[in-house]
Amino acid sequence: HGFCFVAAVLLLAGTAHGQTAYTWTATMQGTYNWDDPTKWGGSGFPNAIDDVANLYTNIASNQTINLNQAITVGTITIGDSGGTELFTLTPNGGSLTFQVSSGNASLTKVAATHSAIEALPAVVLNTNLDITSYSAYAWGGSSGVLRLSGGIGDGGSGYGFTKLGPGQLSLTGGAANT
């Protein structure tokens with residue numbers, strides 16, 4: 001009985017901030033929508049403070065994922081686990097905000113993969129962000145660079161990002177590092 005009580009307390013403590021983890025399940029080439037629950041295992045999609053979006057899966061060919069609305073997450077892990085294909089997130093009327101209840105938000109590009117967050121008006125920080133880029137894959141003259149083409153903004157709140165890992169990070173766009 002004591003073990004069940006401790007397990008229940010730990011389970012509740014792990015979800016105290018409402019964190020939900022979602023894993024991307026689409027594997028075929030194409031353009032998809034972030035807000036399509038069927039692509040995240042059928043039980044909703046990541047769009048809340050502390051939510052975890054795991055886009056580390058073996059895709060058959062390049063994928064574009066449209067952000068059709070304002071999206072808020074705490075963590076994104078992105079990359080083709082097969083190491084040969086590209087994920088690209090695009091705005092399509094939406095935006096991407098990082099926010100966690102405590103600590104730093106996280107954006108991680110997994111080793112030996114291609115990943116891009118392209119054409120966003122800006123990634124918005126409502127907390128500090130750790131950007132980790134691992135890379136060993138030569139692609140298009142780069143080394144599997146994580147590209148953020150819309151820049152990173154904090155709306156004047158003083159939040160920033162820290163670049164971690166040995167891979168490259170490319171920031172472009174008019175709002176880069178605002």
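Points to keep in mind about this one:
- The residue of the stretch 165-178 that is modelled with the lowest pLDDT, among those that are exposed (fewer than 15 other Cβ atoms within 10 Å of the Cβ) and over 17 Å from Phe87 (Cβ atoms), is Thr178.
This table checks each residue for (1) modelled with pLDDT under 85; (2) among the aliphatic types (A, V, I, L, M); (3) in contact with a helix residue (DSSP H, G or I) (Cβ under 9 Å, 6 or more places away or on another chain).
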| residue | (1), (2), (3) |
| --- | --- |
| Thr90 | no, no, no |
| Phe98 | no, no, no |
| Asn104 | no, no, no |
| Ala111 | yes, yes, no |
| Glu118 | yes, no, no |
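- The set of residues in the stretch 70-105 that are small (Gly, Ala, Ser) and open to solvent by 30 Å² or more (accessible area, probe 1.4 Å) comprises Ala70, Ser81, Gly82, Gly93, Ser95, Ser101, Ser102, Gly103.
- Residue tally, condition at pLDDT 95 or above and open to solvent by 40 Å² or more (accessible area, probe 1.4 Å), over the stretch 33-47: 8
- When the stretch 67-88 is filtered for residues that are modelled with pLDDT of 95 or more, under 15 Å from Trp40 (Cα atoms) and part of a loop (DSSP other than H, G, I, E, B), nothing remains.
- Members of the stretch 50-66 that are in contact with a strand residue (DSSP E or B) (Cβ under 6 Å, 6 or more places away or on another chain) and either surrounded by fewer than 22 Cβ atoms within 10 Å (Cβ to Cβ) or part of a loop (DSSP other than H, G, I, E, B) (or both): Asp51, Val52, Asn54, Tyr56, Ile59, Asn62, Thr64, Asn66
- Selected residue (only one of Gly158, Gly144 is modelled with pLDDT of 90 or more and outside any strand (DSSP E or B)): Gly158
- Looking only at the stretch 15-26, and only at residues there that are open to solvent by 50 Å² or more (accessible area, probe 1.4 Å) and at pLDDT below 95, the one that is farthest from Ile59 (Cα to Cα): Ala16
The values are calculated or read from the model by the stated rules, or taken from the named source; none is laboratory data. These numbers come from a predicted model, not from an experiment. Virtual Cβ from ideal backbone geometry, glycine too; neighbours counted across all protein chains shown. These area figures cover heavy atoms from the full protein model, side chains too; ligands, DNA and RNA do not enter into them. Shrake-Rupley method; radii C 1.70, N 1.55, O 1.52, S 1.80 Å.
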